[in-house]
Amino acid sequence: MTTWQPSDLQRERLAYRQSRARRSTLIAAASSVVLIGLLAFGIGSTPGWPRVRETFFNLDRGWEALPVVAEGIWLNIRVMIVCAVLIVILGLTLAILRTLQGPIFFPLRFLAAAYTDVFRGLPLLLVIFLLGFGVPALQLKGMPNQAVVLGGAALVLTYSSYVAEVFRAGIESIHPSQRAAARSLGLSYPQTMRFVVLPQAVRRVLPPLLNDFVSLQKDSGLIAVLGVVDAIRAAQLETAEDFNFTPYVVAGLLFVAMTIPLTRLTDWVARRQGWYGGGGGLV
């Protein structure tokens, strides 16, 4: 049982730090309240606010549209999960192909580089249109023609090109001496990648990788342009009944609620790895 007791000087330091923390919290809360109040007053005093409130922020209309929009957001979540798994597999494969050494692998490196160049250069909406309307027109046997599948394929093609570059940056950040050490211990090239390079590379690129998936959550709503009844399309159908745009606001709030947990997880992982320095706090 320890008998250690903090000295008077240590107690004074702790009391001073606690008082500074309480002061900072009060200042942050007061400044936030003042800023929100000013924004609310500024927006609420505009001449068109009553009309905007009725058209965009009608609580009764929003509550009525919530079940339909929530059913659509469930489709967005499923599309995002399936696409994320496929994007990781395809992106990691492309990154490994681009980091292969030796002239014999030049065709694979060239194809992987061409893939990432093309799909990073094409706008995502254009890829969705090309696959969603172009593939069914080919009338290929055995090819799925469902709009949700083709929209998801467009997301995978585009995002895998970005994720491949993230993985490649992580792989190339590993010092060559570690590969040489692994090979000197008798590990083959696949074993070196699996047990030495990739674990470190993935850990280094985890924050930007999660950031890409945050963006994927939002962009999953673009498949609505193909007629898929996701959250945005459901909100559009609800709005068409009475030209009240509150369902769009409901869809936006659901997307934000879906994105915030992954965003905070990304910040937490980045902070643990020192990307944000020694700062703390929620934001």
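The values are calculated or read from the model by the stated rules, or taken from the named source; none is laboratory data. Because the structure is predicted, anything quoted here is derived from the model rather than measured. Reconstructed Cβ throughout: ideal geometry from the backbone, glycine too, with neighbour counts over all protein chains shown. All accessible areas refer to the heavy atoms of the entire protein, side chains included, with ligands and DNA or RNA removed. Shrake-Rupley method; radii C 1.70, N 1.55, O 1.52, S 1.80 Å.
A few notes on this one:
- Qualifying positions in region 218-238 - touching a Ser or Thr at 6+ places or on another chain (Cβ under 8 Å) and surrounded by fewer than 22 Cβ atoms within 10 Å (Cβ to Cβ): 218
- Residue check, residue 25 open to solvent by 60 Å² or more (accessible area, probe 1.4 Å), hydroxyl-bearing (Ser, Thr, Tyr) and outside any helix (DSSP H, G or I): no
- Any hit, region 33-40, residues being closer than 30 Å to residue 57 by Cα, part of a helix (DSSP H, G or I) and among the small types (Gly, Ala, Ser): yes
- Here region 46-78 is the region considered, the condition is being among the small types (Gly, Ala, Ser), surrounded by 14 or more Cβ atoms within 10 Å (Cβ to Cβ) and out of contact with any Lys or Arg (no Cβ under 7 Å at 6 or more places or on another chain), and the residue that is nearest to residue 231 (Cα to Cα) is 70.
- Yes/no for residue 202 being over 14 Å from the mean Cα position of the chain (by Cα) and open to solvent by 10 Å² or more (accessible area, probe 1.4 Å): yes
- Any hit, region 171-185, residues being in contact (Cβ under 8 Å) with a residue 60 or more places away in the chain and either open to solvent by 30 Å² or more (accessible area, probe 1.4 Å) or outside any helix (DSSP H, G or I) (or both): yes
- Only listed residue being at pLDDT 90 or above and assigned to a helix (DSSP H, G or I), chosen from 234, 270: 234
- Considering region 84-131, the residues that are assigned to a loop (DSSP other than H, G, I, E, B) and farther than 19 Å from residue 216 by Cα include one that is least open to solvent (accessible area, probe 1.4 Å), namely 99.
- Filtered residues of region 205-217 (kept if open to solvent by less than 20 Å² (accessible area, probe 1.4 Å) and among the hydrophobic types (A, V, I, L, M, F, W, C)): 205, 209, 214, 216
- Test: residue in region 249-267 that is open to solvent by 30 Å² or more (accessible area, probe 1.4 Å), over 25 Å from residue 113 (Cα atoms), out of contact with any helix residue (DSSP H, G or I) (no Cβ under 6 Å at 6 or more places or on another chain) and acidic (Asp, Glu): no
- Residue 116 vs. criteria polar (S, T, N, Q) and more than 30 Å from residue 202 (Cα to Cα): no
Residue-by-condition table, conditions (1) small (Gly, Ala, Ser); (2) free of Cβ contacts under 8 Å to residues at least 24 places away in the same chain:
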site	(1), (2)
44	yes, yes
48	yes, yes
57	no, no
62	yes, no
69	no, no
72	yes, no
85	no, yes
88	no, no
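- Some residue of region 65-80 being part of a helix (DSSP H, G or I) and more than 30 Å from residue 252 (Cα to Cα): no
- Filtered residues of region 4-22 (kept if open to solvent by 100 Å² or more (accessible area, probe 1.4 Å) and in a helix (DSSP H, G or I)): 8, 11, 12, 13, 16, 17, 18, 20, 22
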